[in-house]
Amino acid sequence: LMAADLTDADIREGKIPAVDHRSGLASRKTFARLANMDEAVLSGATLDRSRLDGVSAQAADFTDCTLRGANLTGANLKDAVLAGAILHGAQIAGANLENACLEGAVLSDVDVSSARTVGARFEGALTEPSETALAKVPELIAAIAAHEAWRRSGGADGAPARLAGEDLRPLGDRMRGVQLTAADLRGACLVGLDLSGAELQGANLERADLRGGSLKGADLRGSRLASANLTKADLRGAQLAGLPLGPARVTPVMLASSRLRYVQGQGADLTDAVLDGADLRGADFTGAILSGASLASADTTATVGLDRTDKTAAKLSAS
């Protein structure tokens, strides 16, 4: 079930009619059958708003899954691997998470206080924005407005936004269609944000965390995304080609050593993009333009949409 779409799936205990052996027909009696997902491999799957309450998923692999708003109440997740999983808003009351791995998981709006967590590993897990981050919202809004004035005036007014290392999650819907051309967003936290239609040409997003976010139709031409984490991001229709800076000068998108696991890249334009050493496992680039892109040493295990007959494939094969 790797990368399976199980959005809104109901995997709870089921009741099955018992058979009347004399008539061969179903009787009014039923018996319960527990959902058993022990040792299942669901890495990269989409389980948003799914019903998994009471399910047994001992030692199951949920690496890089999205479980936003999922109900895991009373579920048995002992020894399960949820590394990098996005559990924003999930319900886990009474769940058994003993010895589970939640390293790097997104646990914002998740109450783990009533779950059994003996031996569980939470290193690097991302929780709610801090009070400091929430208090900076007016300052961040002003910085983005000043940046837009700077962009429109060609530098005569406003000032370029310096948002390196900032947690931008508290800005929520304000980030949709945001205009941050050439902004400094190095190491910024943009997990789960809707950046669809955003103008990020030439922006520096190196080491930024964009997991589970939407960049659908965004303009990222010439941007720097080296070592950024875009796992489970929506890049459908995004512009990730080179940015023309003159008659004979084009700045390519830099995605070297980035993490693009299970991204939706259908229809994206990655012409001449540098993806050297990128982790593309499980990504879907169906219909994407990858002409001239460099994929030297990239991990393309289970990647969909890479045509091995074009120029991109030749570079990949030679790596």
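Read the figures in this text as sums done on the coordinates, not as results from a lab. These numbers come from a predicted model, not from an experiment. No Cβ is skipped: glycine too gets one built from the backbone with ideal geometry, and neighbour counts run over all protein chains shown.
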Worksheet item: Any chance the stretch 254-271 includes a residue that's over 26 Å from Leu42 (Cα atoms), free of Cβ contacts under 8 Å to residues at least 24 places away in the same chain and touching a Gly at 6+ places or on another chain (Cβ under 9 Å)?
Response: no
Worksheet item: Being surrounded by fewer than 20 Cβ atoms within 10 Å (Cβ to Cβ) and of a type in the set (Lys, Arg), is that true of even one residue in the stretch 137-151?
Response: no
Worksheet item: Can you pull out the residues in the stretch 234-250 that are under 16 Å from Thr286 (Cβ atoms) and either out of contact with any Asp or Glu (no Cβ under 7 Å at 6 or more places or on another chain) or surrounded by fewer than 19 Cβ atoms within 10 Å (Cβ to Cβ) (or both)?
Response: Asp234, Leu235, Arg236, Gly237, Ala238
Practice prompt. Considering only the stretch 152-180, state which residues are touching a His at 6+ places or on another chain (Cβ under 8 Å) and either surrounded by 16 or more Cβ atoms within 10 Å (Cβ to Cβ) or assigned to a helix (DSSP H, G or I) (or both).
Written response: Gly158, Pro160, Ala161, Gln179, Leu180
Item to complete: Return a yes/no flag: does the stretch 268-275 have any residue that is in contact with a helix residue (DSSP H, G or I) (Cβ under 9 Å, 6 or more places away or on another chain) and within 17 Å of Ala198 (Cα to Cα).
Response: yes
Fill in: Complete set of residues in the stretch 181-225 that are out of contact with any Lys or Arg (no Cβ under 6 Å at 6 or more places or on another chain), of a type in the set (Ser, Thr, Tyr) and part of a loop (DSSP other than H, G, I, E, B)
Ser223
